[in-house]
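Before any comments, here is the structure.
The values are calculated or read from the model by the stated rules, or taken from the named source; none is laboratory data. Only a predicted model underlies this, so the values are computations on that prediction, with no experimental measurement involved. FYI the Cβ positions are ideal-geometry reconstructions off the backbone, even for glycines, and counts take in every protein chain you see.
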Amino acid sequence: MNFENRADNREKIYIIQPIGQDYTPSEHDEAVSLIESADALYLGTLFQQIREINPATYIGSGKLVDLKERIDGLGGITVLFNGELSPSQTLNISAALGDIKVIDRTTLILDIFAKRAQSSEGKLQVELAQLKYLYPRLKGKGAALSKLGGGIGTRGPGETQLETDRRHIRLRIDYLENKLRALATRRRLLTDRRKKSETRTVSLIGYTNTGKSTLLNALTAADVYAADRLFATLDPTSRLLRIDGSDFLLTDTVGFLHSLPHNLIDAFRSTLESALHCDLALIVCDARGDHERQLQTTLATLKEMQFEKPYFIVMNKSEGLSDTTLYPKESIFISAKNGDGLALLKEKILQFFRKDSVLLHLRIPYERMSEYTPLKKYAVEKNFNYRDDALLLDAIVEPAYLSLFRGFADRTKKRG
Ligand SMILES: Nc1nc2c(ncn2[C@@H]2O[C@H](COP(=O)(O)OP(=O)(O)OP(=O)(O)O)[C@@H](O)[C@H]2O)c(=O)[nH]1
Ligand SMILES: [Mg+2]
């Protein structure tokens, strides 16, 4: 592949990074990662302290003159404002920079989602989020928006033209909402059925790019796309995880991001719901990254979604980590990449589900085998010992099912 050529074709992006009171450098690093994940080229950044927001252009007009000078010679630049802009602010900044294309963070994220969506439901969800974002922005500005040409902010899986009038978009939004509602109902039925079948579920939840898909692959020998880019996964995937004879359904899903646009959270709520309806969540963090912020964001988003299930904090990418003092005390340190800590993680998952379980010594006379067989699914069996008249075995059984096994308790003296 000719790398130089590829670089030429990529959309060139210059960042405006407002520095407000709660600014952290991760915010800017993340914008650069987002640009790369959108297959665009990062050129540079204008950092700007914000003491007072200029209602017309957010940052001061003097700064915009500076920026115009910096980027004028570069040609074909897109400016990414790493925050939220109102429609009029977007247009004003664009005008001040000489009619250059200006996008905000939401537009960039929506673009990545549009490229990454695989399932037809994922595509519908992204299209809905894009249209909801565009709809208020089309008020009399249709011409200005359609002037933008191609690239980020103009792509969508649904190919809805930006010039389409608002009425058309409104109808499409209604259609997508109905369609997605029907899909969500169907999924809920499936979830209910799964609940009835009593398969316990474990969900991988966490910030984007922390290694959730890599962990799913490592634990279940699955083949889920994992990559060093933000939002590699959009569609939920479930795989069977077997630990010491017990089966669990392990689900990988879309990652979280700091200030994820609300339209997007709404659009993905139903996708996330399948992961949120779990018995246990593994909240995956990147031990080498800004894990504190990842965890905070994830927990805050979960709270917003009324998630109240038990969870473990899993610090991934911890290979070669020497100092573990600056992490939450209860963290489980693993490396999905080289397998460190996975045995312990599995053991903890098992302990969690078996914490109230009881080990029974059973004696099944062969003539009563057909009576015993239907109970097998309520036990994890081990240590089989075929005697002349009966099968002896140990069974791990949850409290709810203990009474079923009463008739098979092994009352003979201790086995040697
Ligand atoms: N060093 C190291 N890298 C890892 C480890 N686990 C995953 N990675 C890398 O981290 C990057 C992201 O991994 P993914 O599994 O795609 O992360 P994800 O959480 O599924 O990301 P999204 O789907 O975007 O939310 C990939 O480049 C992985 O190879 C690990 O234990 N150690
Ligand atoms: Mg993933």
Inset, instruction - Please work out if A144 is in a helix (DSSP H, G or I), among the small types (G, A, S), at pLDDT below 80 and away from ligand 2 (no atom under 16 Å from the Cβ). - result: yes
Legend entry - Odd one out for V254 among (1) more than 15 Å from Q125 (Cα to Cα); (2) β-branched (V, I, T); (3) not in a helix (DSSP H, G or I): (1)
Inset, instruction - Filter segment 201-214 down to the residues that are closer than 14 Å to P236 by Cα and not polar (S, T, N, Q), then identify the one that is nearest to ligand 2 (Cβ to nearest atom). - result: K212
Legend entry - Cross-chain or 6+ apart pairs with Cβ under 6 Å, segment 335-350 first and among the basic types (K, R), then not in a helix (DSSP H, G or I): K346/I243
Legend entry - Single unsatisfied condition, R51 versus (1) in contact (Cβ under 8 Å) with a residue 24 or more places away in the chain; (2) surrounded by fewer than 19 Cβ atoms within 10 Å (Cβ to Cβ): (1)
Inset, instruction - Kindly indicate whether Y225 is within 13 Å of ligand 1 (Cβ to nearest atom), in contact with a Phe, Trp or Tyr (Cβ under 9 Å, 6 or more places away or on another chain) and of a type outside the set (A, V, I, L, M, F, W, C). - result: no
Legend entry - V79 vs. criteria modelled with pLDDT of 95 or more, part of a helix (DSSP H, G or I), within 30 Å of E292 (Cα to Cα) and not acidic (D, E): no
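Restricting attention to segment 382-397, which residues are touching a residue at least 24 places away in the same chain (Cβ under 8 Å) and either hydroxyl-bearing (S, T, Y) or buried (at least 16 other Cβ atoms within 10 Å of the Cβ) (or both)?
Taking segment 382-397 and keeping what is touching a residue at least 24 places away in the same chain (Cβ under 8 Å), we get 382, 385, 389-397.
Hits for segment 382-397 are A390, L391, L392, L393, D394, A395, I396, V397.
Rundown of residues vs (1) within 13 Å of ligand 1 (Cβ to nearest atom); (2) in contact with a Pro (Cβ under 7 Å, 6 or more places away or on another chain); (3) farther than 20 Å from S33 by Cβ, yes/no style:
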position	(1), (2), (3)
F231	yes, no, no
G255	yes, no, no
T271	yes, yes, yes
A281	no, no, yes
Inset, instruction - May I ask you to say which residue of T90, T45, T106, T24 is under 26 Å from L257 (Cβ atoms) and either among the aromatic types (F, W, Y) or at pLDDT 95 or above (or both)? - result: T45
Legend entry - Of all residues making up segment 260-271, the number that are in a helix (DSSP H, G or I), in contact (Cβ under 8 Å) with a residue 60 or more places away in the chain and hydrophobic (A, V, I, L, M, F, W, C): 3
Inset, instruction - Would you point out the residue of segment 176-192, among those that are farther than 12 Å from H277 by Cβ and among the basic types (K, R), that is modelled with the highest pLDDT? - result: K179
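Residues are listed down the side, and each one gets a yes or a no for (1) of a type in the set (S, T, Y); (2) at pLDDT below 95; (3) more than 33 Å from the chain's Cα centre (by Cα); (4) farther than 28 Å from L204 by Cα:
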site	(1), (2), (3), (4)
F353	no, yes, no, no
S357	yes, yes, no, no
I364	no, no, yes, yes
A400	no, yes, yes, no
Inset, instruction - Residues being within 16 Å of ligand 2 (Cβ to nearest atom) and among the hydrophobic types (A, V, I, L, M, F, W, C): count how many of those fall in segment 336-371. - result: 1
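Just checking, which of G73, G44, G20, G98 is over 17 Å from L264 (Cβ atoms), surrounded by fewer than 19 Cβ atoms within 10 Å (Cβ to Cβ) and either aromatic (F, W, Y) or without any contact (Cβ under 8 Å) to a residue 24 or more places away in the chain (or both)?
Testing whether each residue is over 17 Å from L264 (Cβ atoms), surrounded by fewer than 19 Cβ atoms within 10 Å (Cβ to Cβ) and either aromatic (F, W, Y) or without any contact (Cβ under 8 Å) to a residue 24 or more places away in the chain (or both) leaves just G73.
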Inset, instruction - Please find, within segment 280-310, the residue that is nearest to ligand 2 (Cβ to nearest atom) out of those that are buried (at least 20 other Cβ atoms within 10 Å of the Cβ) and closer than 17 Å to L216 by Cα. - result: V284
Inset, instruction - Residue by residue through segment 202-222, note down the ones that are out of contact with any Ser or Thr (no Cβ under 6 Å at 6 or more places or on another chain), within 7 Å of ligand 1 (Cβ to nearest atom) and at positive phi. - result: N209, G211
Inset, instruction - Scan segment 215-236 for residues that are polar (S, T, N, Q) and within 8 Å of ligand 2 (Cβ to nearest atom) and jot them down. - result: T233
